[in-house]
Structures are given as structure tokens and as C-alpha cells.
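Here's the structure we're looking at; comments come further down.
The values are calculated or read from the model by the stated rules, or taken from the named source; none is laboratory data. Model, not experiment: these values are computed from the prediction. Backbone-built Cβ (ideal geometry, glycine too); neighbour counts: all protein chains shown. The protein model used for the area step is the full one, side chains on, heavy atoms only, and it has no ligands, DNA or RNA in it. Shrake-Rupley method; radii C 1.70, N 1.55, O 1.52, S 1.80 Å.
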Amino acid sequence: MNRMMAPPLSAETLQAAVDWAIATRRSVRAYLPRPVPREEIEAILSTARYSASGMNMQPWHVHVLTGPAKASLSAAIAALDDDPRRSGELLEPYDYYPREWFSPYLERRRKVGWDLYGLLGIAKGDKQRMHLQHGRNYRFFDAPVGLFFTVDRSLQEGSLLDYGMFLQSVMVAARSRGLHTCPQAAFLKFHRQIGELLEIPAGQMLVCGMSLGYADDSSIENSLVTEREPVSSFTTFHNNAKETRA
């Protein structure tokens, strides 16, 4: 039976399932070698395709890497990353992060970084170990599946908003199947090399990469728990109409 046409569950069961998948989604940085069947990957993407998009544009393009294809790309990117001269000359296709960090985002960024490094025993100033840990991004943290997401360059910012919803749907659909993910902006500065290796059309821009697989719960980095602000800190309720002058 088509999953989209399955008999409805109770409202309470549906709420609990959706809430669980969203609340337990996290960025996992160590994976088991257990493979993810192609049918499972296709099922995740088949669910995510129902994500909202302006005028039903559906601006997403997905590239799935496994086996030798993933290993070959990872090796090529790692070689570039280990060459400071060549790596330092690379530019990202768009600004994901602010050019100048400011409060409260600076503090949040620092906290998650040092909390992770603290778990791994990486001391402040240990650039070599920081580089090695950051370099694990390019092996997809040993996940069996690597994903790259691209968008047509001619589209505008609204399509990136649509893309965010699609990415969240991918991650939540994966979580509902007992899988974990890690969305990765770390690949962005290698967008040209990735485009060449995967023969991505020049008219498409890399949005991000993503690791997909089964979490290795024995790895200390996966014990990282990031903090979330309470609803009251970012929400304003407007109940009464404001008087206006004629």
C-alpha cells in the first residue's frame, strides 16, 4: 500500500511520532558502517518531496553518494583541505554565515564549538587536532551515505527558504526510520570541485552536503547536547488591535 494512502492513525499517535522525530533530530558526527538500502534512501526523498515550496516550484536537486563514488570524492576534497595554499584561495558560492558575528549568535557558535571540542579533548589553540576533526566532514563522518543538494542559480532567496523546508523534511523522514543526519555547510568552499567530480550542471549551485546513516552511540561526540532557547525568548503574541489615527 502507498505510504501516503495508509489508514490514518489517532491524532495523539501522529502528534507523538512527529514531535519525536523533530525533537530527536540532531547533528550526528560519527556513524556505524551499517549500509542504508537504496530503497530506504528513495523512501526518505519520496516523503520529503511533499515539502512546501512557493508556487510548487520544487527547486531541489539531490545527488546521492555511496561506496566508491563517496570514497573518491572524500579523498579528493580531503587532499585540497590539507593544502592550506590551495584551500585558502577557495570561495563559497554564497554567504551561509554572517561576515561579522555578533551577539547572541557569536556566543551560541562558540558554545557549540567548544562543547564539542571539550568532549573530544581538543584544547583551545590545538589547530592540528581542530583541522583533523573538521576534516571528518569530508568523509561524511564515516556515514555510508553522502548527499549533496543543489539549486538553479537563477532562482532567488525564496527558493532557499523552500530548500530549508525540504532539508528539514529529509532529516525528519530519516529520523522516523531510525536514521540520523548531519547537514554540512563545510563542503561549500569546495563547490567547484564537487560540481566537476559529480558533473553537476554549471547552472546549479551547491546548497549544502549531508551525512546519512545509523549513529555510532559509542562515539563521545554523539553525546553532545545542544541547547535550545525557550519559546518565550523568541516569540511575541499579538492579541489586541492597536489603535490607529484616521
- Message: Please count how many residues of region 19-48 are surrounded by 14 or more Cβ atoms within 10 Å (Cβ to Cβ) and part of a loop (DSSP other than H, G, I, E, B).
- Response: 7
- Message: Ser74 - would you say it is open to solvent by less than 70 Å² (accessible area, probe 1.4 Å) and either among the hydroxyl-bearing types (Ser, Thr, Tyr) or without any contact (Cβ under 8 Å) to a residue 60 or more places away in the chain (or both)?
- Response: yes
- Task: Determine which member of the set Leu179, Leu198, Leu212, Leu160 is closer than 15 Å to Trp60 by Cα, of a type outside the set (S, T, N, Q), modelled with pLDDT of 95 or more and in contact with a strand residue (DSSP E or B) (Cβ under 8 Å, 6 or more places away or on another chain).
- Result: Leu160
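Which one of Glu107, Glu100 is farther than 23 Å from Val64 by Cα and either in contact with a helix residue (DSSP H, G or I) (Cβ under 6 Å, 6 or more places away or on another chain) or in a loop (DSSP other than H, G, I, E, B) (or both)?
On the way: Glu107 fails: either in contact with a helix residue (DSSP H, G or I) (Cβ under 6 Å, 6 or more places away or on another chain) or in a loop (DSSP other than H, G, I, E, B) (or both).
Result of the check over Glu107, Glu100: Glu100.
Please determine, by comparing only the residues of region 106-165 that are among the hydroxyl-bearing types (Ser, Thr, Tyr) and more than 30 Å from Met55 (Cα to Cα), which one is least open to solvent (accessible area, probe 1.4 Å). Step through it out loud before you land on a result.
To start, the set of residues in region 106-165 that are among the hydroxyl-bearing types (Ser, Thr, Tyr) comprises 117, 138, 150, 154, 159, 163.
Now narrow it down to the ones that are more than 30 Å from Met55 (Cα to Cα): 117, 138.
Working: Tyr117: 45, Tyr138: 3 Å².
It comes out as Tyr138.
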- Message: Let me spell it out: the conditions are (1) of a type in the set (D, E, K, R); (2) within 18 Å of the chain's Cα centre (by Cα); (3) surrounded by fewer than 19 Cβ atoms within 10 Å (Cβ to Cβ), and Arg192 meets all of them except one. Which number is the exception?
- Response: (2)
